[in-house]
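For reference, the structure discussed in these notes is given below.
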Amino acid sequence: MPHIGPTKRPLLFFFFLFTFYFPASSQTNRVDSSLGLKDYFKDYFSIGVAVSYQDLHSDEVPLILKHFNSLTPENAMKMGPIHPKENEFNWKQADSIVDFAVRHGMKVRGHNLCWHEYTPSWLFVDSAGNQVTKQALLERLRAHINAVVGRYKGKIYAWDVVNEAVSDSPQVLLRNSLWYQIAGEDFIVQAFQYAHQADPNATLFYNDYNTERPEKMERVYTLMKKLLAEGVPVQGIGLQAHWSIYEPSGEELENAIRKFSSLGLKIQFTELDISIYPWEKFVRKKTETDLDQFTPALEAQQIEKYKMVFEVFRKNRDKITGITFWNVSDRRTWLDYYPVPGRKNYPLLFDTGLNLKKAFWKVVDFKVSR
Ligand code: GLA
């Protein structure tokens with residue numbers, strides 16, 4: 001061992017002090033603020049965001065490019081907006097979002113092909129105004145899927161084929177939508193078949209919410225198991241992740257990941273946000289306890305929830321292929337309008353001024369595993 005003279009000893013002391021506090025293996029990402037969210041998670045899963053056409057023509061663009069490597073069109077590809085009449089398509093906004101992604105080397109998740117909301121008025125009726133037959137409805141579904149999936153073939157790597165077909169009522173499996181009333185369960189089966197025919201290389205997802213609540217989880221699982229047993233080409237499950245500071249628990253989240261991946265399905269969290277209110281789809285009124293304020297206490301709870309869910313995501317990286325946030329920043333979120341307009345929410349990682357929230361730093365504050 002070489003002799004180290006007294007003049008060098010203080011240096012040595014600082015060297016040991018430094019390596020004690022910052023050993024290579026425990027360096028956190030936090031030190032590098034030039035990184036975007038997607039960079040922190042590059043060895044884990046893609047990080048996406050739902051965008052509107054307007055978002056991509058706004059001052060949010062630099063933030064979107066820095067932090068995300070996947071885009072989901074928020075509404076532009078839903079059936080009503082993109083296919084307003086039987087022989088008319090509105091491609092402009094959807095094309096523009098896909099072009100933006102291609103130009104910037106981002107992936108695109110297509111959303112969605114068949115849903116009970118955002119349906120165009122022509123869909124369920126014939127020219128005489130009568131309800132269409134099952135055969136006619138399925139043919140319309142086929143034509144729709146063929147046109148939309150076909151147009152973006154090779155540019156959209158994954159599709160939410162069927163959205164929210166499971167009922168909100170624990171007693172029944174499937175939602176009593178017009179799709180279901182007219183075509184029975186076949187609308188689900190056929191939607192996947194049509195999508196697979198239109199682009200055999202796209203990964204096809206079933207997408208739903210409240211999938212970590214044990215009761216709903218069981219019914220979604222039952223549906224997935226049945227579809228797989230019938231040979232339906234469903235390859236992934238989209239867990240929407242419209243969560244709140246109150247749910248899910250870590251255990252519920254782990255259970256859902258374990259349960260759905262046991263079917264061999266790829267898992268993506270497709271619509272992540274963490275509301276500061278108890279999340280309930282059927283709460284219609286602004287309540288007296290809604291202060292519209294992002295208080296320090298609410299912020300602390302949100303930080304903890306974000307920290308926990310990303311810990312669970314990272315731990316399950318072998319089962320999860322993507323995380324997508326629903327909306328870019330707290331400046332505009334769908335929760336500001338739902339269930340009623342005017343109740344401001346703060347569910348994302350960027351604040352109303354597009355700055356990084358404290359929750360952001362918690363989410364990226366982990367040891368880099370190489
Ligand atoms: C559902 C849909 C999304 C979006 C959100 C909220 O979860 O899948 O397309 O409409 O609701 O806006």
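The values are calculated or read from the model by the stated rules, or taken from the named source; none is laboratory data. Since the structure is predicted, the reported quantities are computational estimates derived from the model, not experimental observations. FYI the Cβ positions are ideal-geometry reconstructions off the backbone, even for glycines, and counts take in every protein chain you see. Ligands, DNA and RNA are excluded from the accessible area calculation, which covers all protein heavy atoms including side chains. Shrake-Rupley method; radii C 1.70, N 1.55, O 1.52, S 1.80 Å.
Within region 91-116, being within 16 Å of the ligand (Cβ to nearest atom) and assigned to a strand (DSSP E or B) holds for V108, R109, G110, H111, N112, L113, C114. If the condition is being buried (at least 19 other Cβ atoms within 10 Å of the Cβ) and farther than 16 Å from V148 by Cα, then region 183-196 contributes A183, F187, I188, V189. Within region 70-79, the presence of a residue that is away from the ligand (no atom under 16 Å from the Cβ) and either modelled with pLDDT of 95 or more or part of a loop (DSSP other than H, G, I, E, B) (or both) is excluded. Scanning region 117-132 for residues that are part of a loop (DSSP other than H, G, I, E, B) and exposed (fewer than 15 other Cβ atoms within 10 Å of the Cβ) yields a total of 8. The condition of being of a type in the set (G, A, S) and more than 26 Å from A76 (Cα to Cα) holds for only one of G231, G154, G150, G238, that being G231. Of all residues in region 242-259, those being surrounded by 22 or more Cβ atoms within 10 Å (Cβ to Cβ) and either within 14 Å of Y206 (Cβ to Cβ) or in contact with a Pro (Cβ under 9 Å, 6 or more places away or on another chain) (or both) number 2.
Looking at the structure I just gave you, is D168 farther than 14 Å from T119 by Cβ, within 16 Å of the ligand (Cβ to nearest atom), in a strand (DSSP E or B) and out of contact with any helix residue (DSSP H, G or I) (no Cβ under 7 Å at 6 or more places or on another chain)?
On the way: farther than 14 Å from T119 by Cβ: yes; within 16 Å of the ligand (Cβ to nearest atom): yes; in a strand (DSSP E or B): no; out of contact with any helix residue (DSSP H, G or I) (no Cβ under 7 Å at 6 or more places or on another chain): yes.
No.
What about A158, is it within 16 Å of the ligand (Cβ to nearest atom), touching a residue at least 24 places away in the same chain (Cβ under 8 Å) and open to solvent by less than 40 Å² (accessible area, probe 1.4 Å)?
Numbers: within 16 Å of the ligand (Cβ to nearest atom): yes; touching a residue at least 24 places away in the same chain (Cβ under 8 Å): yes; open to solvent by less than 40 Å² (accessible area, probe 1.4 Å): yes.
Taking the combined requirement at face value, the residue satisfies it.
Being farther than 24 Å from M79 by Cβ and of a type in the set (S, T, Y), is that true of even one residue in region 209-219? No, that holds for no residue.
How many residues are open to solvent by 10 Å² or more (accessible area, probe 1.4 Å) and either hydroxyl-bearing (S, T, Y) or within 24 Å of R175 (Cα to Cα) (or both) when one looks only at region 133-151? Write out each step before concluding.
First pass over region 133-151, keeping only residues open to solvent by 10 Å² or more (accessible area, probe 1.4 Å): 133-136, 138-140, 142-143, 146-147, 150-151.
Narrowing the set further to residues that are either hydroxyl-bearing (S, T, Y) or within 24 Å of R175 (Cα to Cα) (or both) leaves 133-136, 138-140, 142-143.
The qualifying residues number 9.
Just to be sure I understand, how many residues within region 312-367 are part of a helix (DSSP H, G or I) and either within 16 Å of the ligand (Cβ to nearest atom) or among the acidic types (D, E) (or both)? Steps first, please.
At the first step, the residues of region 312-367 found to be part of a helix (DSSP H, G or I) are 312-315, 334-336, 358-364.
Now narrow it down to the ones that are either within 16 Å of the ligand (Cβ to nearest atom) or among the acidic types (D, E) (or both): 334-336.
Result for region 312-367: 3.
Taking the criterion of being under 24 Å from E254 (Cβ atoms), of a type outside the set (D, E, K, R) and under 23 Å from the mean Cα position of the chain (by Cα), would at least one residue in region 179-202 satisfy it?
Initially, region 179-202 is screened for residues under 24 Å from E254 (Cβ atoms), giving none.
No: zero hits.
Taken residue by residue, region 197-205 has at least one member that is over 18 Å from F269 (Cα atoms), acidic (D, E) and buried (at least 21 other Cβ atoms within 10 Å of the Cβ). Of all residues in region 92-104, at least one satisfies being open to solvent by less than 70 Å² (accessible area, probe 1.4 Å), out of contact with any strand residue (DSSP E or B) (no Cβ under 6 Å at 6 or more places or on another chain) and charged (D, E, K, R). The set of residues in region 80-90 that are away from the ligand (no atom under 13 Å from the Cβ) and touching a Pro at 6+ places or on another chain (Cβ under 8 Å) comprises H83, P84, K85, N90.
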